[in-house]
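Visitor: If you scroll down you'll find the structure; I have some questions about it.
The values are calculated or read from the model by the stated rules, or taken from the named source; none is laboratory data. Every value quoted in this text rests on a predicted model; they were computed, and no experiment measured them. So basically every Cβ, Gly included, is an ideal-geometry build from the backbone, and we count neighbours across all protein chains shown. Note: areas computed on protein heavy atoms with side chains; ligands, DNA, RNA excluded. Shrake-Rupley method; radii C 1.70, N 1.55, O 1.52, S 1.80 Å.
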Amino acid sequence: MRGVVMYTAGDVRVEEREDPKIIEPTDAIVKLSATCICGSDLWPYRGVEPVDHTLMGHEYVGVVEEVGPEVKNVRAGDFVVGSFVISDNTCEICRAGFQSKCVHAEFVHAGIGTQAEKARIPYADGTLVATPGQPDPELIPALLAASDVLGTGWFAAVAAEAGPGRTVAVVGDGAVGLMAVLAAKQLGAERIIAMSRHPERQKLARYYGATDIVEERGEAGVERIKELTDGLGAHSVVEAVGTQESFMQAVGATRGGGYLGYVGVNYDVRIPGIQLFFAGIHTLGGPAPVRRFLPELIQLIWDRKIDPGKVFDLTLPLEQAPEGYKAMDERRATKVLLTL
Ligand SMILES: [Zn+2]
Ligand SMILES: [Zn+2]
């Protein structure tokens, strides 16, 4: 089968490799219907995260081809959506809703690689969720978004306690930020402030429910949020970038006693303890427990109540994955869907 391998930073190739096989009795083999490139794949691409002939990809939807003898919840022929973190969904941590910290957690991007025709998914019962039936092809991008960006944006909005009567500020206009806007709207937030300078992304943020757009960044961005919230700051702030400036902007934009949900992968952020101390805010973040939200998100997509598939603004065949990486690196594309 064909699959994407990143040799070194910036060197992405599509290569022939062996078809995956069932190894553990709890595994499933999924024939992928579509896959995509993540903003976080740019970390190794840019040399920030180590990479050495790494199998790429962690977002996936497809049809189960084969299951191990202990798999009970999904079977061959089912169309499934999976989280980017493997989880058993039965341990104490999973039952508390933090499947991304499962005692059996394993990142799909570390060794599995779903930018490929097929993938072996461990703990299939805990990781995969079957859709109510075979989806219309037009629903596939939306279901694929649920695998990471939608689930991550949703978790961020939940972590930020977005809801009725709340003002939500979203720092970051990438795919996850846009999905956090969608989530805040679905969760009933009264006002949603999207921070973006990019006209196309501002348009999409408004489509997903943003009521205000703030173009200022850093201190000026914090000031603008305060102006819009009677000097208090937002109840709920989502950080979906992961840079020093964006993180401190998110901390500064959160009102005393408010909630910050942070999901931007933040390699280089240094948070001055004293600033966090005096901020007096709740914080919750990290790799999103997407599995917790998948049944609900799949149903919303199935019923056509949400349309997260619009975050994909470039579609290429798997063979052209190198061009997809380049387009995202150069910010010519927000998120690239790879067809199979
Ligand atoms: Zn991702
Ligand atoms: Zn678990």
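Visitor: Where Lys and Arg each count +1 and Asp and Glu each count -1, what net charge lies around Pro272 among other residues with Cβ under 15 Å from its Cβ? Don't skip to the answer; put the middle values down first.
Guide: On the way: positive: Arg270; negative: Glu219, Glu245, Asp268.
Once positives and negatives cancel, what remains is -2.
Visitor: Please give me the summed charge of the neighbours of Glu323: other residues whose Cβ is under 13 Å from its Cβ, Lys and Arg +1, Asp and Glu -1. All intermediate terms of the calculation are to be shown ahead of the outcome.
Guide: Numbers: positive: Arg13, Lys326, Arg332; negative: Glu319, Asp329, Glu330.
Net charge around Glu323: 0.
Visitor: Calculate, in nm to one decimal, what Asp230 and Arg332 gain on full extension: separation in residues at 0.36 nm each, minus their alpha carbon distance.
Guide: On the way: separation 102, 0.36 × 102 = 36.72 nm, distance 3.67 nm.
The Asp230-Arg332 span can extend by a further 33.0 nm.
Visitor: What does the charge count near Arg224 come to, summing +1 for each Lys or Arg and -1 for each Asp or Glu among other residues with Cβ under 11 Å from its Cβ? Don't skip to the end; give the middle numbers.
Guide: On the way: positive: Arg217, Lys226; negative: Asp212, Glu215, Glu216, Glu219, Glu223, Glu227.
Local net charge: -4.
Visitor: Another one. To the nearest 500 deg cm²/dmol, what mean residue ellipticity at 222 nm is calculated for the chain from DSSP H runs of n ≥ 4 alone, each contributing -39,500 (n - 2.57), summed and divided by the residues?
Guide: On the way: 12 runs with 102 residues, N = 340.
After summing the helix terms and dividing by residue count, I get -8500 deg cm²/dmol.
Visitor: Next up: Could you check the spin-label model distance between Phe278 and Glu70? Points 7 Å from the Cα along Cα→Cβ, value in nm.
Guide: 5.4
Visitor: I'm a student and want to see the number: the projected area of the Cα convex hull of the range 151-285, averaged over all directions, in nm². Write down the numbers at each step before the final one.
Guide: Working: hull surface 27.1 nm².
Answer in nm², one decimal: 6.8.
Visitor: Sorted by accessible area with a 1.4 angstrom probe, largest first, how do Thr35, Thr334 fall?
Guide: Values: Thr35 0, Thr334 25 Å².
Accessible-area ranking of Thr35, Thr334, largest first: Thr334, Thr35.
Visitor: Which percent of the accessible heavy-atom area of the chain goes to carbon and sulfur, probe 1.4 angstrom? Please report the intermediate quantities before stating the final value.
Guide: Working: 7210 of 14230 Å².
Taking all protein chains in place, the chain shows 51 percent carbon and sulfur surface.
Visitor: Give the Rg/Rh ratio for the chain, taking Rg as the radius of gyration of the Cα atoms and Rh as the Kirkwood radius, to two decimals.
Guide: Working: Rg = 19.4 Å, Rh = 20.0 Å.
Here Rg/Rh amounts to 0.97.
Visitor: In addition: Counting Lys and Arg as +1 and Asp and Glu as -1, each charge on the Cβ, what is the dipole of the chain about the Cα centre in debye, to the nearest 20?
Guide: On the way: 33 positive and 45 negative charges, 147 e Å.
In total the dipole reaches around 700 debye.
Visitor: If the viscosity is 1.567 mPa s and the temperature 4 °C, what translational diffusion coefficient in µm²/s does Stokes-Einstein give for the range 45-203 when Rh comes from Kirkwood over Cα pairs?
Guide: Values: Rh = 17.3 Å.
Result for D is 75 µm²/s.
Visitor: What's the tally of Lys pairs in the chain whose alpha-carbon atoms lie under 17 angstrom apart, where the two lysines are 8 or more places apart or on different chains?
Guide: The result is 10.
Visitor: Follow-up. Between Val129, Val48, Val71, which gets the highest mean-square fluctuation from a Gaussian network model of the chain, Cα cutoff 10 Å?
Guide: Val48
Visitor: Another question, if that's okay. What does the accessible area per residue of the range 151-285 come to in Å², with a 1.4 Å probe and no ligands, DNA or RNA counted? Mind dumping the intermediate values first?
Guide: Working: 5650 Å² over 135 residues.
Per-residue value: 42 Å².
Visitor: What list of ³J(HN,Hα) couplings, whole Hz, do you get for the range 162-175 from phi and the Karplus terms 6.51, -1.76, 1.60, once you set θ to phi - 60° and write x for glycine and proline?
Guide: 5, x, x, x, 9, 9, 10, 10, 10, 8, x, 10, x, 4
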